[in-house]
Amino acid sequence: MNHVSLDIITLTREEMGLPLDWATAEGWNPGLGDGDIFHNTDPGGFLVGRLGEEAVAVISAVTYDEAFGFIGLYIVKPEYRGRGYGMAMWRAALARLGSRNIGLDGVLAHQEDYRRSGFVWAHGNLRYRGVGGGEMPTGVVELETVPFGQVVAYDSALFGQRRETFLRGWLRHGGKAVIKDDRLLGYGVIRPCRHGYKIAPLFADDPETAERLLRALVAGLSGQVFFLDPPRPHDMALALAERYGMTPVFETARMYTRGDPGLPLQRIYGITSFELG
């Protein structure tokens, strides 16, 4: 199909509600403050395809540095699917990210499509749903009391890239941390979403720290729904979710173009974002 009529341009900050509204309709449940945070991370990383004045497709292609980028928010308006517009957006996103190692969390049903574009399976991520409440545990501090540089250093080891700009916005949601002898043993952020709350990320050096953080993050959410997205290969993370009475909702496929970067999954109890990694 001829794509000449599809005008692919960069979304402005004011337009960031569009892909997030569409993501909500797909059941992906973005956070209430995601638009500004995402856009600040890479202002050129969010694309929209228009036919005249009508937006028909969106995709994000966010760069973290010269070595790594992440694709997400890949949505074609339902009535325009099957017409080639999604492939035009896909090619634009890949072109923007160039030779970087590119990650994504894709719908399982589209794994083969991603493989044809050079993506290789790394692992699954499970979304769990739970109900908050319980007592606040001891030994947990407010994340804002931890020096920002210390959080960035800890986060970089688990995310694989330094993401200071992203974290400056993300950590404003508030979170919890565990410190021992001035060393950060783990941290977690909880943020309000279109439906309930999400714990994202939940990073910890050991299962006891992860559980303490989880309990602290949801103690104030009595009766309210929350979500957590642990990597499937991490048995202790799945066991923690199930021990807390959480149930799996759906799964994504984490894939990369230049191979699995070998993240320390045994310290990742919940990933940060299906959209930005």
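The values are calculated or read from the model by the stated rules, or taken from the named source; none is laboratory data. Keep in mind the model is a prediction, meaning the values are calculated, not measured. Because the Cβ atoms are built from the backbone with ideal geometry, glycine has one as well, and the counts that use them run over all protein chains shown.
Matching residues to (1) closer than 25 Å to Thr165 by Cα; (2) crowded, with 20+ Cβ neighbours inside 10 Å; (3) of a type in the set (Phe, Trp, Tyr):
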| residue | (1), (2), (3) |
| --- | --- |
| Ala239 | no, no, no |
| Gly245 | no, no, no |
| Leu263 | yes, no, no |
| Ser273 | yes, yes, no |
- Query: Within segment 211-218, is even one residue under 30 Å from Leu18 (Cβ atoms), β-branched (Val, Ile, Thr) and in contact with a strand residue (DSSP E or B) (Cβ under 7 Å, 6 or more places away or on another chain)?
  - Reply: no
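Identify the residue in segment 96-116 that is touching a Lys or Arg at 6+ places or on another chain (Cβ under 9 Å) and in a loop (DSSP other than H, G, I, E, B) and, among all such residues, is nearest to Gly69 (Cα to Cα).
Checking each candidate, the answer is Arg100.
Is there a residue being among the aromatic types (Phe, Trp, Tyr), touching a helix residue (DSSP H, G or I) at 6+ places or on another chain (Cβ under 8 Å) and over 30 Å from Arg258 (Cα atoms) anywhere in segment 211-231?
Pass one, segment 211-231, residues among the aromatic types (Phe, Trp, Tyr): 226-227.
Within this subset, residues satisfying the condition of being touching a helix residue (DSSP H, G or I) at 6+ places or on another chain (Cβ under 8 Å) are 226.
Within this subset, residues satisfying the condition of being over 30 Å from Arg258 (Cα atoms) are 226.
Scanning segment 211-231, I find at least one residue that is among the aromatic types (Phe, Trp, Tyr), touching a helix residue (DSSP H, G or I) at 6+ places or on another chain (Cβ under 8 Å) and over 30 Å from Arg258 (Cα atoms), so the answer is yes.
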- Take the residues of segment 98-135 that are surrounded by 19 or more Cβ atoms within 10 Å (Cβ to Cβ) and of a type in the set (A, V, I, L, M, F, W, C): which is farthest from Gly160 (Cα to Cα)? Leu126
- Hits in segment 69-81 - residues which are more than 19 Å from Gly169 (Cβ to Cβ) and either at pLDDT below 95 or in a strand (DSSP E or B) (or both): Ile71, Tyr74, Ile75, Val76
- Close pairs from segment 109-127: first in contact (Cβ under 8 Å) with a residue 40 or more places away in the chain, partner among the β-branched types (Val, Ile, Thr) and surrounded by 12 or more Cβ atoms within 10 Å (Cβ to Cβ), Cβ under 7 Å, at least 6 apart: Gly118/Thr257; Phe119/Thr257; Gly124/Thr252; Asn125/Thr252; Asn125/Ile271; Arg127/Val249
